[in-house]
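Undergrad: One structure, as structure tokens, below. Some questions next.
The values are calculated or read from the model by the stated rules, or taken from the named source; none is laboratory data. Please read these numbers as outputs of a predicted model, since none were measured by experiment. Positions of Cβ are generated from backbone atoms using ideal geometry, with glycine treated the same way; all protein chains shown enter the neighbour counts.
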Amino acid sequence: MASETGQQHPLGIYLKIWILLFVLSLFSYMVDYLHVQGSLRWTLVLFFMVLKAGFILAVFMHVKWERLALILTILGPPTILLLLIFIMAIEGNYTESTRIQYLGHDANATPLHVSH
Amino acid sequence: MNQTTTISAHDAGERHPNTFVQDWSADKQVYHVPWGKAMMWIFLVSDTFIFSCFLVGYMTVRISTADPWPLATEVFALSFFGSEPIPLILIAIMTFVLITSSGTMALAVNYGYRRDRRITVFLMLATAALGATFVGMQAFEWSKLIGYGVRPWGNPWGAPQFGSVFYMITGFHGLHVSAGVIYLLTIARKVWRGDYEKKGYEIVEITGLYWHFVDLVWVFIFAFFYLL
């Protein structure tokens with residue numbers, strides 16, 4: 001059976017990915033710490049997020065060494081979520097606009113600061 | 001099918017489109033992995049949908065509310081020994097704790113296949129301890145937010161949905177971590193007793209899949225809830 005050897009890889013690759021995850025987490029924390037705002041913040045946070053998720057999936061969860069039948073079972077179905085995100089973003093924007101237009105909510109209100 | 005193929009083969013032939021067709025038309029089993037591993041993957045895919053529903057729900061309420069969303073960077077700031085509050089520091093430490101636990105888990109899987117039971121058990125216990133630390137810090141975070149007056153129906157700073165989203169998403173994730181700690185301790189005990197000497201140590205890899213998934217979900221929560 002195929003299972004007899006299991007997923008056995010050199011230790012080095014795990015250590016490298018481990019360090020990489022630390023560095024990427026530190027980078028995404030620095031985005032917040034250095035008060036990066038706007039579209040650059042979104043780009044950086046999402047970029048580091050996708051990289052981290054990709055490395056965990058590919059190496060720690062061994063997806064990159066699996067057969068295509070299993071890879072597509074894992075990664076295929078969740079792609080439908082992109083459609084859900086798209087639809088709900090449209091719906092959310094519409095709801096917000098009705099709240100502003102008909103309920104008189106203030107679209108430009110800012111949150112109160114937190115006192116520790 | 002091809003009985004000599006190992007699932008750890010490195011050549012790209014394993015991912016060739018033909019293998020997909022062959023595996024599904026083999027009139028036998030589709031996945032060339034132990035059944036426990038296939039079932040864990042199917043569970044994890046379904047769990048992906050549960051967490052995605054929570055995160056998409058969070059996106060929807062955050063977009064649809066006209067109230068300002070509280071500033072996570074301030075809410076989760078923490079001061080040490082009377083210092084200025086450091087933004088998001090506890091969450092950063094929790095992230096590092098969880099990544100460290102993922103690293104020790106990956107090594108445990110490796111040492112399991114080497115049949116080094118002593119080191120495997122040690123690494124699994126270290127993973128469980130780091131997981132328990134994470135849950136402890138999460139509990140501290142919850143008690144702090146409860147102290148601030150954050151409730152599922154309101155908070156002192158802005159959109160009332162903030163509290164319900166926070167408690168629901170981090171609570172469900174924390175539940176997964178807690179279950180993972182119990183799962184790890186159970187399997188570590190069985191490894192220690194030598195229950196898998198005949199069967200082989202795929203079980204450590206399967207446990208690892210669950211643990212890495214919990215870490216994977218945290219990557220998304222960290223980005224969407226705390227950073228954006």
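Undergrad: Output the helices (runs of 4 or more DSSP H) that fall wholly within region B:1-105 and possess 2 or more residues being modelled with pLDDT of 90 or more and within 7 Å of chain A (Cβ to nearest Cβ), or say none.
TA: Counting at least 2 such residues, we get B:35-64.
Conditions tested, residue by residue: (1) in contact (Cβ under 8 Å) with a residue 12 or more places away in the chain; (2) surrounded by 15 or more Cβ atoms within 10 Å (Cβ to Cβ); (3) over 17 Å from the mean Cα position of the chain (by Cα); (4) more than 7 Å from every other protein chain (Cβ to nearest Cβ).
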{"residue": "A:TRP18", "(1), (2), (3), (4)": "no, yes, yes, no"}
{"residue": "A:TYR29", "(1), (2), (3), (4)": "no, yes, no, no"}
{"residue": "A:PHE48", "(1), (2), (3), (4)": "yes, yes, no, yes"}
{"residue": "A:ALA53", "(1), (2), (3), (4)": "no, yes, no, no"}
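Undergrad: For region B:186-227, give me each residue that is part of a helix (DSSP H, G or I) and more than 16 Å from the chain's Cα centre (by Cα).
TA: Selection gives B:THR186, B:ILE187, B:ALA188, B:ARG189, B:LYS190, B:VAL191, B:TRP192, B:ARG193, B:GLU202, B:ILE203, B:TYR226, B:LEU227.
Undergrad: All but one of (1) touching a Pro at 6+ places or on another chain (Cβ under 9 Å); (2) crowded, with 21+ Cβ neighbours inside 10 Å hold for B:GLY180, so report the exception by its number.
TA: The failed condition is (1).
Undergrad: Here's a follow-up. Out of all the residues in region B:153-164, which are out of contact with any Leu (no Cβ under 9 Å at 6 or more places or on another chain), among the hydrophobic types (A, V, I, L, M, F, W, C) and surrounded by 15 or more Cβ atoms within 10 Å (Cβ to Cβ)?
TA: Once the filter is applied, which keeps residues that are out of contact with any Leu (no Cβ under 9 Å at 6 or more places or on another chain), among the hydrophobic types (A, V, I, L, M, F, W, C) and surrounded by 15 or more Cβ atoms within 10 Å (Cβ to Cβ), region B:153-164 yields B:ALA159, B:PHE162.
Undergrad: OK, next. Based on what the data block shows, is B:THR127 free of Cβ contacts under 8 Å to residues at least 60 places away in the same chain and of a type outside the set (A, V, I, L, M, F, W, C)?
TA: no
Undergrad: So, of the residues in region A:31-46 that are of a type in the set (A, V, I, L, M) and buried (at least 19 other Cβ atoms within 10 Å of the Cβ), which turns out to be nearest to the other protein chains (Cβ to nearest Cβ)?
TA: The residue in question is A:VAL45.
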